[in-house]
1. For q = 0.24 Å⁻¹, what log10 I(q)/I(0) does the stretch 369-471 give under the Debye formula with an equal point scatterer on each alpha carbon and no solvent?
2. So if R0 is 35 Å, what FRET efficiency would residue 182 and residue 221 give, r being the distance between their Cβ atoms, rounded to the nearest 0.05?
3. Please report the spacing between the Cα centers of the stretch 399-451 and the stretch 289-322 in Å, no decimals.
4. What is the calculated FRET efficiency for residue 406 to residue 111, with r their C-beta to C-beta distance and R₀ = 45 Å, to the nearest 0.05?
5. What spacing in nm lies between the two simple spin-label points modelled at residue 169 and residue 341, each 7 Å away from Cα in the Cβ direction?
6. Given labels modelled 7 Å from the Cα in the Cβ direction, how far is it in nm from residue 7 to residue 238?
7. Return an integer: the convex hull volume of the alpha-carbon atoms of the stretch 157-251, in Å³ per residue.
8. Fully extended, how many nm does the chain gain between residue 351 and residue 318 (0.36 nm per residue separation, minus their Cα-Cα distance)?
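Read-outs: derived from the displayed coordinates by stated rules, not from any lab. Here the structure is a predicted model, which is why all the values come from computation and not from measurement. Quick reminder, even Gly has a Cβ in these numbers, built from the backbone with ideal geometry, and neighbours come from all protein chains shown.
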């Protein structure tokens, strides 16, 4: 996947954005690397919306919902220009499949514009070289597209996040029945294929490893960790495909297997099946070797640690301060709050953090590269909110660049690799130790450290102390 952006769903221009878009030379490198590993590549350009007052106004499917015919002509001119560039790059790099669009539900109603778009892409991405698809959202969009029969389009693409059951922890049998019920996902994709006379390529399919994920597979939410429910969804799906062997099915892209080498694992509640029971299902279906035993590489903890203190016992290290980042109304940050477990000490207490808000430790002057190997701190959660989900992020300073700061690789604090039990303690202090290599922070010039809500649910209270870099 590669992305370009537009400011809002009401804008008619699509732009390359240095923060959110991959430069062409980097994209070529990624494609070549995948090909060198023996993988075939589908290039799938997305249009992402940067700003909106609600999730609906940031969803690409709502782009153009109030456009006039003239507006659509302007938008499609920008879209075709973008896709021409990526189709040419796909042709030049030997990409075997190209996706002409992704979940553009409102735009997908513009039949004539899409037929023209596909024909223009075909002028540079020749049929003898590769195949074309469009990734429609399941349900209304996929069922309603009138141009699936366009000759230049090889496959019907469906992001198949069909709702399964109405309960948590369904059995594999329950989930198989959900796929095959009258009007369910199998029925809908069968009908689309029959009407257009083409196979369906499932362009995205996956589930969070969270309790209730089967009820809304499309929803990137934070619930109770439940890797068994994720496994059951995968198992039921391959069982149905193996049993029915539908002639209309061209293939499946499982969502998602990321490039972050630290994704997945026993504490991960996200979509990736990597290093989880769901991976075993895929491996068995594909008849490949069993999942290997994996360890996460980490530097040894030093016998005699050196440290660079950011905050300890009510005091900041030289050049550091703290603030609430991305603040909305009501957040409180007490920098010298009595430790609830030992009132002779002072700690940071952050209260009423709203969705996506962070406690930010900020440098007055950028911290030049050091020999740091670890970021460590103590953290305590509230008794009335037993499940706290936080990111830890480093912010790199980029000299002479616009923007001048870059967010490095985020890692979840509530991961068994970094904190005992994989949970932020309910009323108890726990130590967090994260290798800087996992944050992609080794040798970087740093401006800030963020502890940020990662699920959009906010945090009622959290206490923090003894923040330091160690080597």
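1. Computed log10 I(q)/I(0) values: -1.30.
2. On the way: r = 28 Å, r/R0 = 0.80.
So the FRET efficiency works out to roughly 0.80.
3. Comparing the Cα centres of the stretch 399-451 and the stretch 289-322, I get a distance of 9 Å.
4. 0.65
5. 3.1 nm
6. 4.8 nm
7. Working: hull volume 8.0 nm³, N = 95.
So the per-residue hull volume is 84 Å³.
8. 9.4 nm
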